[in-house]
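The values are calculated or read from the model by the stated rules, or taken from the named source; none is laboratory data. Keep in mind that this is a model prediction, so the values were computed, not measured. Every residue, glycine as well, gets a Cβ built from its backbone with ideal geometry; the counts of neighbours run over all protein chains shown.
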Amino acid sequence: MSSKKGIKFYKRTDVKITLWYILTFIVTTIIIFSFMYIRIRHHLIKEIDRFLKDELREFSFKVSETSRDFKWVIKEYEEDIVEREYYPIYFRVLNTDGTVVATSKNFAEIIYPIDQEKLRNIGGGTRYIETVKVPGRKTPFRILSSRLTVAEKFDCVVQIGTRMESIRKSLGNFSENILTAIPIALVLGTIGGWLLARRSLAPIAYITEATKKITATNLGERLRSRQSDDELDHLIATINAMIARLEESFKRMNQLTADVSHELRTPISAMRGEAELLLSKPRPTGEYRRALATYIEQLDFLTRLIDDLILLSKFDSNEARLTMIPIKLDKLLINLGEFFRALAEHKGIKLTAGKMKHATVVGDQTRLQQLFTNLIDNAIKFTPSGGRIDIALQKERDVAKVSIKDTGIGIPSAESEHIFERFYQVDKSRDKERGGVGLGLSICQWIATAHHGNIEVKSEVGKGSRFAVSLPLMTEE
Ligand code: ADP
């Protein structure tokens, strides 16, 4: 049997909740019923015991205080009790050695052997009150045994008892009532439990159906909140937040695909156009050479772009492996300063990598080198001749702070929050001429984050920019 939603009947949550409910109900009922049964039985037996004690007192009074013949008194007592219907009395009087002195006629119904040890104990003053089951009879007997002194003449043992018929009937009635009530309560409880389970799980069906309908084409849709601020509302909010994240990353992916296609297509179409033009008529060798040299430049650009894209996709899929080792940051920056100085001077820029504090961080040598290379390279790209670039390293508590400051063109404040986005360029056409595609800073940011650090920028148009990278120092420092 299975529901229309494709979940097997016995696997459905409402069925499971109802079954648990029934099980709990049955167990609780059994415990409560057993407890009440035991309590009532105990109470009824106590009542019978009280009755027997009263009866014994009356019997003792009759036989011990009278001056009449003992046998005559017994006979009279037997006649008195013979009419009792609900609590018929059974009695027997024994000598302390166990010989029967007197017995009611009905006592023969009870098979109650005389136990010598008990007799001795009774003689010593112990009282016994026992339930005696007779084979073949439904109703047991309750018998009280006690010592009795008859008119200060002799000691004897009296056993006085009654049938526990009333207890059997009362308990039978009680059980019958309970056993009739339980199935009714069970049916009502099951229906109630089932309705309750279905009612509380109904929003889940909505969540399942609504979530199913959301695909890549309608990621803008959201599940309706029930405004009840319960667990299911929280679930809806969580799913909505997840859809929002998916929507955001889908948008970014689409944008990225569009940007990548654009970046690849432009140089390829340009190269193709040039090649067609070259082939349209025979040309001098020099022209071919110049064209091929441009192609190599273009292909270098494309290779760099593809390398950057591969790297970013590795970052995204967590496939980029970092080889973390202690790295002397001051040394790394001085070496980079040396390396870039010639290039900067060639552009008429003064580059200084001044006095630096010793600072060791744990990081990946290649990636950290790439991070600072990108920043210095940008500083050179965006600083006109006559400007200067300063590379500095400071220590602040447990953080190493590297700053790369230039006196270049600067970044408009509205743009500075976007420059770390993929393919973002402040001035697309102008920045392209400088050989970039807008991926450098996103790579820098990823590297800084992967090293548990961050990267910040402060910039003023026309005055220059300052990029600050913070990296945690190695703990032994
Ligand atoms: P690109 O490869 O195009 O340089 P980046 O991601 O490295 O891309 O930088 C993104 C944009 O940020 C650049 O196109 C540029 O407009 C701006 N930018 C980065 N560094 C500087 C800087 N030092 N001075 C001015 N603008 C900068």
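Would segment 211-222 turn up any residue that is assigned to a helix (DSSP H, G or I), at pLDDT below 90 and touching an Asp or Glu at 6+ places or on another chain (Cβ under 6 Å)?
No, segment 211-222 has no match at all.
Test of understanding: among LEU188, LEU179, LEU171, which residue is under 37 Å from the mean Cα position of the chain (by Cα) and assigned to a helix (DSSP H, G or I)?
LEU188
Would you point out which residue out of THR352, THR383, THR360 is over 14 Å from SER470 (Cα atoms) and surrounded by fewer than 21 Cβ atoms within 10 Å (Cβ to Cβ)?
Answer to the check: THR352.
Please note which helices (runs of 4 or more DSSP H) are completely contained in segment 364-466 and include at least 3 residues that are within 11 Å of the ligand (Cβ to nearest atom) and under 20 Å from LYS331 (Cα atoms).
Those helices (runs of 4 or more DSSP H) span 365-381.
Report the residue count in segment 135-183 for those that are surrounded by 13 or more Cβ atoms within 10 Å (Cβ to Cβ) and in contact with a strand residue (DSSP E or B) (Cβ under 8 Å, 6 or more places away or on another chain).
Within segment 135-183, residues that are surrounded by 13 or more Cβ atoms within 10 Å (Cβ to Cβ) and in contact with a strand residue (DSSP E or B) (Cβ under 8 Å, 6 or more places away or on another chain) number 21.
Any idea which of (1) away from the ligand (no atom under 15 Å from the Cβ); (2) not in a loop (DSSP other than H, G, I, E, B) is the one MET356 doesn't satisfy?
Every condition holds for MET356 apart from (2).
Among the candidates VAL100, VAL82, which residue alone is more than 60 Å from the chain's Cα centre (by Cα), assigned by TED's automatic domain parsing to the domain that holds LEU148 and within 23 Å of ASN121 (Cβ to Cβ)?
Answer to the selection: VAL100.
If the requirement is being under 30 Å from ARG272 (Cβ atoms) and of a type in the set (Val, Ile, Thr), which of these qualifies: THR303, THR366, THR352?
Every option except THR303 fails the conditions.
Search segment 121-132 for residues being loosely packed, with under 14 Cβ neighbours inside 10 Å and over 15 Å from ILE160 (Cβ atoms), and hand back the single one that is modelled with the highest pLDDT.
Here the answer is THR126.
Residue check, ILE160 against (1) within 22 Å of the chain's Cα centre (by Cα); (2) within 30 Å of ILE38 (Cα to Cα), all met but one. Which one?
(1)
Take segment 273-308 and flag every residue that is among the aromatic types (Phe, Trp, Tyr) and modelled with pLDDT under 90.
PHE301
Taking the condition of being touching a residue at least 24 places away in the same chain (Cβ under 8 Å) and either over 17 Å from VAL134 (Cα atoms) or aromatic (Phe, Trp, Tyr) (or both), how many residues in segment 60-91 meet it?
Counting residues in segment 60-91 that are touching a residue at least 24 places away in the same chain (Cβ under 8 Å) and either over 17 Å from VAL134 (Cα atoms) or aromatic (Phe, Trp, Tyr) (or both) gives 14.
For the subset of segment 10-35 comprising residues that are loosely packed, with under 13 Cβ neighbours inside 10 Å and among the aromatic types (Phe, Trp, Tyr), which member is modelled with the highest pLDDT?
Among those residues, the one meeting the criterion is PHE35.
Being at negative phi, within 51 Å of the chain's Cα centre (by Cα) and in a helix (DSSP H, G or I) is true for just one of LEU336, LEU343. Which residue is that?
Just a single option satisfies the conditions, and that option is LEU336.
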